[in-house]
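Step one of this worksheet: look at the structure below.
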Amino acid sequence: MFLLSLQAGVTGFLIMDILPDELKNTPVITGYYGSGIYLVCSLNLITGDEYLHYIGSSKNIYKRWQNTSHPFRVVYDAAEYPFIAYLRIIKSDNPKPIEKEMIKKYQPKMNKQWR
C-alpha cells in the first residue's frame, strides 16, 4: 500500500513531503522515451504547494510509468481537484548513482527505502 492519505474536508490527497526548492527548476517533460531520473510530483492548484512522492530511474522513462501499478500511475489515478500529478525529468545516460543519491537526500515516502 502506498502512503496516500485523505484528510476530512479536503478533496484529493496530501503527501507529507513538499518538493524542495532546488528541484523546482527540474523540467516537466511529457512523452520522453530516453533514460534518466524522474520525480513523481503533484501540485495543489489552490495553494500552489508542490509535493514529491517518488524518485525513480529508467532507460526508457515513458515505458516505465505506463505500468498501472507504478507510483506515478497510483498518484495520477488518485489525484482529484485541486491536485494534478506529473513527472519532472532529469536526463542522464547513467541515472542509477544520481537516483540513489537523491533518494537518500530527499527520502520520498513512496520509495520503499523510506516506508
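Laid out as a table, the results:
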| quantity | calculated |
| --- | --- |
| Qualifying residue in the stretch 27-39 (condition: surrounded by 18 or more Cβ atoms within 10 Å (Cβ to Cβ), out of contact with any helix residue (DSSP H, G or I) (no Cβ under 7 Å at 6 or more places or on another chain) and not aliphatic (A, V, I, L, M)) | no |
| Sole residue being crowded, with 16+ Cβ neighbours inside 10 Å and among the charged types (D, E, K, R), chosen from Lys109, Lys91 | Lys109 |
| Number of the exception - Glu50 against (1) touching a residue at least 12 places away in the same chain (Cβ under 8 Å); (2) more than 14 Å from the chain's Cα centre (by Cα) | (2) |
| Output for the stretch 69-115, where each listed residue is among the hydrophobic types (A, V, I, L, M, F, W, C) and without any contact (Cβ under 8 Å) to a residue 24 or more places away in the chain | Trp114 |
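The numbers here are math on the coordinates, done by the rules we state, and not lab data. On a predicted model such as this, the values are computed, not experimentally measured, just so you know. Every residue, glycine as well, gets a Cβ built from its backbone with ideal geometry; the counts of neighbours run over all protein chains shown.
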